[in-house]
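Taking it in order: structure first as structure tokens, then the write-up.
Every read-out reported here was derived from the displayed coordinates using simple, explicitly stated rules and does not represent laboratory data. What you are looking at is a predicted structure, and each value in this text was computed from that prediction instead of being measured. No Cβ is skipped: glycine too gets one built from the backbone with ideal geometry, and neighbour counts run over all protein chains shown.
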Amino acid sequence: MSFFLVASVIKIVVVFTVIMVGVALLTLAERRICAWMQDRLGPNRVGPQGLLQPAADGLKNLVKEETLPAQADKALFMLAPAMSFVPALLTFAVIPFAAPLPTPWGDVDMVVANLPVGFLYILAFGSLGVYGIVLAGWSSNNKYSLLGGLRASAQMISYEIAMGMSTVAVLLIAGNVTLGDVIAKESQSLFTWNVFPLSLAYFIFIVAAFAETNRLPFDLPEAEGELIAGYHTEYSAMKFSMFYIAEYSNMVTASALMTTLFFGGWDIPFTTWDNAPPWTPLKTLATLAMFSAKVLSFLFLYIWVRWTLPRFRYDQLMALGWKVMLPLALVYVTMIATAIWLLHDGLGWLYDTRFALALFALNLVLAVPLFFVLDRGRIVAGSVAEA
Amino acid sequence: MAIGVKVMKRPGTKVSYVRATLQGMALTFRHLFRPKVTMQYPEEKSSQDWTLSPRWRGTHRMLTDEQGRAKCVACGLCPQICPANCIKLVPGEDEAGNRYPLIYEIDEFRCVFCGYCQEVCPEEAIHVGVHYENSEFSRDRFVYDLERLCAQTHPVSTLWDPSDPKGE
């Protein structure tokens, strides 16, 4: 028991530190990649290649003046940054990030909290993030902040549904809500990674994940052209910085979630060496590197998309969420459930590569009409063409 | 919905969303590896694409003769023509009857950098310079006295020549 406590505390400290440092470097990566995409160099002055820029930014934010609007609701105004920051970090607690580490006192699971209901925990805490933003918008007592908060709540609630629906398909295959079991089911071969048997669920999930993290093209809550800076207009110094850290922590968590649910978690493709005991420290390190590589590529995707796509109009956002994503997710879950039932109970197949490839073929067939319809631009053209 | 959005009838290729998105992503990805246009200022002060024009009118410079004295004869034309009234000139005269400036000060904060002083100067003494790095820690440092104007070493502006309007 005491070993469990010590191991947990060490894991909490290490994971928290790594995420905080990662988030700091992510802000730098965002600025430099954005600069490269615009044929600029970006911040490269502070430290080698600008690596100390986040430290300089942090120091600046610590010593800046904290403003408190006279008409703001003081308690909630102070609480809101923490409320958006904490759930973003809490979600990461249940994500397994490497193979178990053997120690003289027993194997240590490389996950901060090995919850049997890890998946439900993620859905629960993922939804809590909206409170920080809504409360920030409301307590600022500023019409633009309030509009930003309203948009955030509408957007996050809309896409939460599609996101939850798309992950139901993952649960249908895994047959369990423990994230460790999801990864174990996925790591049989490359094609059992859920991105293949559930490609469309992954598509829905990634769109919803962009909306959930308030990143472009879904950054309406802070649309600077319309709402100044949306919900964090009135915030300054470290409180503002907290929103910033929360946004990037959310990105890290969403990327880790995509990795876990659809890209095999810490599984190394093309080999089964890494998924079976006996566990060795080398396996832990290799799988940790694999997990980090996958998460980093998703983070790059986030940044890449942000600096490519323009923002949606508000009615387009709602139309996409309610008229496309939600029905699509519902229909897709029905079809995938039917397919799994046919393959599993009808033909008696067990879940393996053949099973996954059969589902992948179904996905390809469904993807053609879906992308044909999406590509016609009906969704983004405007919602009241025939008024 | 109450808001009416005007929707144009356009062919499928024009309203494509998925294809346009992918094209845009490919474009930004290609730009990641393009050569960068940033000129790293304190280290590089000019590049192939960006050099200061020889006609640039920056902070002033007073030219000097062989003995190191200012060429100025205190004729008073430059304070006369100066539209910003930024030149302060008090003329003096030595034993040989040569006029010279006792006080010659230019307030670079008042100056509008029109270059009239250089154009009007009969002795080609006062010039506007091809120079732009002028930062100081206090306001009074921006009133350049005669000694400081003579000590400047930057190139002087060629101004605009009406007989050669394109600078060829």
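What to note about this one:
- Two-site FRET efficiency, A:Thr334 against A:Ala113, from Cβ-Cβ distance with R₀ of 35 Å, rounded to 0.05: 0.60
- Taken residue by residue and averaged, Cβ atoms of other chains lying within 10 Å of the Cβ of B:16-22 number 5.
- Selected from B:Gly24, B:Gly97, B:Gly58 as most flexible by GNM, with chain B as the system and alpha-carbon contacts under 10 Å: B:Gly24
- Net dipole in debye of chain A [+1 Lys, Arg Cβ; -1 Asp, Glu Cβ; about Cα centre; nearest 20]: 520 debye
- The length gained on full extension between A:Glu65 and A:Lys323, counted as 0.36 nm times the residue separation minus their Cα-Cα distance, comes to 88.4 nm.
- Förster-model FRET efficiency, 56 Å R0, A:Val365 and A:Val6, C-beta, rounded to 0.05: 0.60
- Computed on chain B, the Cα convex hull volume stands at 299 Å³ per residue.
- Distance between the modelled labels on B:Tyr41 and A:Trp349, one decimal in nanometres: 6.3 nm (7 Å Cα→Cβ projection).
- In straight-distance terms, cross-link reach from A:Lys323 covers every one of the lysines whose alpha-carbon lies under 24 Å from its own, apart from those fewer than eight places away in the same chain; here that gives B:Lys6, B:Lys9, B:Lys14.
- When peptides A:196-207, A:101-112 are ranked by their average number of other Cβ atoms within 10 Å per residue, the highest-first order is A:196-207, A:101-112.
- Across peptide B:26-32, the average count of Cβ atoms from other chains found within 10 Å of a residue's Cβ is 5.
- Value of [θ]222 nm, deg cm²/dmol, for chain A, DSSP H segments ≥ 4, -39500 (n - 2.57) each, nearest 500: -21500 deg cm²/dmol
- Using alpha-carbon coordinates, inclination of helix B:18-32 to the longest axis of chain B, degrees: 40 degrees
- Highest-fluctuation residue, A:Val14, A:Val368, A:Val295 considered, GNM on chain A with Cα pairs under 10 Å: A:Val368
- Most mobile of B:Val156, B:Val128, B:Val143 in a GNM of chain B (Cα contacts under 10 Å): B:Val143
- Helical runs (DSSP H, four residues minimum) scored at -39500 (n - 2.57) apiece and divided by the length of chain B put the mean residue ellipticity at 222 nm at -5000 deg cm²/dmol.
- Packing-based ranking, highest mean first, of A:170-179, A:66-75 given that Cβ atoms within 10 Å are counted: A:170-179, A:66-75
- Given charges at Cβ of Lys, Arg, Asp, Glu: the protein assembly as shown dipole, positive-most of A:Asn275, A:Ile33, A:Ala99: A:Asn275
- Three-way shape label, the stretch A:1-113, alpha-carbon gyration tensor, a/c 1.5: oblate
- Descending by average beta-carbon neighbour count within 10 Å, the peptides A:269-276, B:78-85 line up as B:78-85, A:269-276, the highest first.
- Rounded, prolate or oblate (a/c below 1.5 giving rounded, otherwise prolate when a/b exceeds b/c) for chain A by Cα gyration tensor: oblate
- Computed about its Cα centre, the charge dipole of chain B is approximately 2160 debye, with only Lys, Arg, Asp and Glu carrying charge at their Cβ.
- All aspartates and glutamates inside 17 Å of A:Lys74 as judged from Cα atoms, apart from same-chain residues fewer than 8 positions distant: A:Glu65, A:Glu66, A:Glu234
- Chain A: DSSP helices with Cα axial extent of at least 30 Å and average Kyte-Doolittle hydropathy no lower than 1.6: A:2-37, A:353-375
- Gyration tensor verdict on the stretch B:65-151 (Cα atoms; rounded if a/c is under 1.5, prolate if a/b is larger than b/c, oblate otherwise): prolate
- On the basis of the beta-carbon distance and an R0 of 30 Å, A:Ala293 and A:Ile157 show a calculated FRET efficiency of 0.35.
- Spin-label model distance (nm) - B:Leu27 vs B:Gln80, 7 Å beyond Cα toward Cβ: 5.9 nm
- Set of aspartates and glutamates near A:Lys283 by C-alpha distance (under 12 Å), chain-local residues within fewer than 8 positions excluded: A:Asp267, A:Asp274
- B:Tyr132 versus A:Lys74: modelled label distance in nm, points set 7 Å from Cα along the beta carbon direction: 5.0 nm
- Entries of A:Lys11/A:Lys143; A:Lys11/A:Lys239; A:Lys143/A:Lys294; A:Lys294/B:Lys36; B:Lys88/B:Lys166 with Cα pairs more than 31 Å apart: A:Lys11/A:Lys143; A:Lys143/A:Lys294; B:Lys88/B:Lys166
- 10 Å Cβ neighbours from other chains, averaged over peptide A:313-321: 1
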